[in-house]
Amino acid sequence: MEASFKTKVEDKEKKYLEFIRQFKGLIEGENEEISVLANTCAALREAFGFFWIGFYLVRNEQLILGPFQGSVACYRIAKGRGVCGTAWATAQTQVVPDVEAFPGHIACSSESRSEIVVPLITNRKVHAVLDIDSNELATFDQVDKNYLEEIARILSKILYE
Ligand code: SME
């Protein structure tokens, strides 16, 4: 297991490629959900320095707060509510350049300005969502979407297949 996810790579796409290479090593041979998701948050935080990174897990027809890195967050989110509940209900990644412009956005921190939420899916079933918040507007684009979806696929295969 490589211990450090810090990188000097500036180009975002190259950074994600290097991240995914190391990430596969980090999670190899482990399929304990909470442990793998916790280390995923830590690795993303170290590599990209995002403001808030965490997972919400589908439990009893609602999302509950799972492993995360960042400030305290709300415990439960209903299906279809907020950015996370929308990602779950639609099984589609939500890229939100300005959280104030997203109807029903749930503000866990007033510092959060933009957000991306990626569902973890197998056989059309959503098991969890990866939620990343930024304290700047329009942080996330198609590059983030593509690579975070790749990370979500890797996790889904290991944890939920
Ligand atoms: N903003 C999210 C809620 C979770 S926090 O960002 C950690 C939402 O609207 O679903």
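No lab work stands behind these numbers, since they all come straight from the coordinates. Please read these numbers as outputs of a predicted model, since none were measured by experiment. Note that we place each Cβ from the backbone using ideal geometry, even for glycine, and neighbour counts take in every protein chain shown.
Which one of these is in contact (Cβ under 8 Å) with a residue 60 or more places away in the chain and under 18 Å from Gly49 (Cβ atoms): Gly70, Gly66? Even if it seems obvious, please write down each step before you answer.
Details: Gly66 fails: under 18 Å from Gly49 (Cβ atoms).
Step by step, each of Gly70, Gly66 is checked, and only Gly70 is in contact (Cβ under 8 Å) with a residue 60 or more places away in the chain and under 18 Å from Gly49 (Cβ atoms).
Tell me whether the range 49-56 contains one or more residues that are surrounded by fewer than 15 Cβ atoms within 10 Å (Cβ to Cβ) and on the phi > 0 side of the Ramachandran plot. Yes.
Give the number of residues within the range 132-143 that are surrounded by 14 or more Cβ atoms within 10 Å (Cβ to Cβ) and either small (Gly, Ala, Ser) or assigned to a loop (DSSP other than H, G, I, E, B) (or both). Residues that pass the stated criteria total 4. Applying the criterion of at least 3 residues that are surrounded by 16 or more Cβ atoms within 10 Å (Cβ to Cβ) to the strands (runs of 3 or more DSSP E) found wholly in the range 70-131 leaves 94-96, 114-122.
A count restricted to the range 19-42 and to residues that are surrounded by fewer than 15 Cβ atoms within 10 Å (Cβ to Cβ) and not hydrophobic (A, V, I, L, M, F, W, C) stands at 9. Within the range 91-110, if we keep just the residues that are in contact (Cβ under 8 Å) with a residue 24 or more places away in the chain and hydroxyl-bearing (Ser, Thr, Tyr), the residue that is nearest to the ligand (Cβ to nearest atom) turns out to be Ser109. Among the residues examined, Lys6 qualifies as farther than 21 Å from Leu159 by Cβ, part of a loop (DSSP other than H, G, I, E, B) and more than 13 Å from the ligand (Cβ to nearest atom).
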